[in-house]
Amino acid sequence: IAHGPIEFGSASAPVSTYTEALGRVGQRFWTTTFLTSGFWTGPQGKVLAANEEMLKRIKKSGGQARRLFLLDQPPNLVVQAYRDHRILQRQLQKYEELERLQDQHENLKSNMRTLLQQGFDVKVVFDETKVYSRLPNGMLSDPKDSELGIYDNFRIDVFEGGQHGVIHTVKSHSPLFRYFPTYLRAVTSYFEELWEKAESMALFIEDLQDAVDFARAKVDYESNWLAIYEYALAKEDEGMKTIELARVEEVLREEVRGRNLAIARYLDVGTCTGRYPIELRSWVTQTGKILGVDEDYDCVRFAQANIEQKCPDEERIEISQRDFVAREVGIKGEFDLITCMLGTLSHFGWDRSRTYDDSIQRALARMASLLSGEGLLFLGTWSEYACKNRNMLGIYRQGDRARLAEWTPSATELEDRLRSVGLNVVGQVQPEMRLDLTWCRRAH
């Protein structure tokens, strides 16, 4: 009887120990791992081959092969960091780093696709409640850097170093270890509890791919663009901002006051500097809620500071960082007013498709789902003139004006898209030659 696990510390031990144990599995192989592990962001022919042989045996016996990827934060935040890091590297013009990141991403996709095709159940999870803390003391020397493998009922391995991409030590527990039955029960319970909370790896990979695509299509601005947008726009651009807001308020007077409706909840999509939540707050009931969302962290911080400066006692406004077309956006309830202004909708158009299977349609569908029965949705979009002449806001770089022109649906296409998500256009005007203003309600 051993008093502790057998420890292997050589460079080749992790793979050889792992593949040797897989060769004996007949009923169950459950394992945890990390996205950053070198096993999954690089080519792993030997490891995948060992998994394939093991899976053939498990299929014949009706057993289970589960791989659980442990995240260091909730999945939506991992996706956000994945996207933001790529955007930063592009802004810094670190193209070699971008190539390295892309190679890692393609390897991850390829390896996950192979695992799923072979028959693995694969999920991802964030251990928010620290379920690992209920494992026997000392089993994981570093819970944030240790991976577990359960091989039938004959062995438990603890791999150390996976979070940082290089596994340097394996601690192997077998029935020769005095407390093996206790450890096996604890590890099994730990894995089962996390598995129940986990989400599909296939869907998570889709979200990561969306993040990569978004980063590649991200519109760049001139430097200090937020301050310029808020305080120092060219006269004609500032005039367009003013006219758009004035026309929205004119429609609100006609539609809201004329119909004796109350706005209890207001959502601004792509809030930028928080201008619309600040300017339209008088239209919201005193006990109401105003939510501004933007995927850009700098916009969120600027908007929060702007609100603190211009209406410091205003408690109804909340500014939150959200990717509005993410699978889970985290916005609950219905809103009586939704705005998406001054060309913001075009930023969702990087994958614009004739079949409407794209981000713009996902954004419109989400707006429709969040709109109350009598609620109003306002969209300020670039006009045909603006797109033809590449004449948008001066804060955009010239190359991105061309991209925005391609990403912007025409007024006719927008109306068709709105109709397909269950919205009827109430009105459509051109308050300034570069800008179309559309407002709509749910179809009844």
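Under the rule of -39500 (n - 2.57) per DSSP H run of 4 or more residues, summed and divided by the residues of the chain, what mean residue ellipticity at 222 nm is obtained, to the nearest 500 deg cm²/dmol?
For the chain, the value works out to -13500 deg cm²/dmol.
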Treating the beta-carbon of each Lys and Arg as +1 and of each Asp and Glu as -1, no other charges, what is the dipole magnitude of the chain about its Cα centre, to the nearest 20 debye?
1260 debye
Karplus-derived 3J(HN,Hα) from phi for region 321-332 (6.51 cos²θ - 1.76 cosθ + 1.60, θ = phi - 60°), whole Hz, x at Gly and Pro, runs 7, 8, 8, 5, 9, 5, 4, 10, 9, x, 10, 10
What whole-number value in Å² describes the accessible area per residue of region 165-215 for a 1.4 Å probe?
45 Å²
With an 8 Å cut-off on Cα pairs and a minimum separation of 6 or more residues, tell me the relative contact order of region 284-339 in percent.
42 percent
Work from the charge dipole of region 382-444 (Cβ charges, +1 for Lys and Arg, -1 for Asp and Glu, about the Cα centre) and give the residue of A386, L435, Q398 farthest towards its positive end.
Q398
Hits in region 371-415: amide N under 16 Å from the 7 Å Cα→Cβ extension of E254, namely 376-380
Rolling a 1.4 Å sphere over the protein heavy atoms, what is the accessible area per residue of region 248-297, to the nearest Å²?
43 Å²
Of T182, L208, L226, farthest towards positive along the dipole that unit charges on Lys, Arg, Asp, Glu beta carbons give region 177-228
T182
Could you please state how large a percent of the accessible area of region 101-175 is carbon and sulfur, counting protein chains only and using a 1.4 Å probe?
45 percent
Shape call for region 112-231 from the C-alpha gyration tensor, a ≥ b ≥ c root eigenvalues: rounded (a/c under 1.5), prolate (a/b greater than b/c) or oblate?
prolate
Note to self: with every protein chain in place and a 1.4 Å probe, region 339-444 gives an accessible area per residue in Å² of 40 Å²
Which percent of the accessible heavy-atom area of region 296-444 goes to carbon and sulfur, probe 1.4 angstrom?
44 percent
For region 178-209 and region 289-318, write down the distance between their C-alpha centroids in whole Å.
38 Å
Would you mind checking the pairs K123/K218; K130/K171; K59/K197; K235/K388 and listing those with alpha carbons more than 23 angstrom apart?
K123/K218; K59/K197
Relative contact order of region 67-159, please, whole-number percent, based on alpha carbon pairs below 8 angstrom and at least 6 residues apart.
36 percent
Quote the relative contact order of the chain in percent (integer), defining contacts as alpha-carbon pairs under 8 Å separated by 6+ residues.
13 percent
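The values are calculated or read from the model by the stated rules, or taken from the named source; none is laboratory data. Predicted model, so just to flag it, every value in this text is computed and none were measured. All Cβ positions, glycine included, derive from the backbone under ideal geometry; neighbour counts span all protein chains shown. Keep in mind that these areas ignore ligands, DNA and RNA; they rest on the heavy atoms of the full protein, side chains included. Shrake-Rupley method; radii C 1.70, N 1.55, O 1.52, S 1.80 Å.
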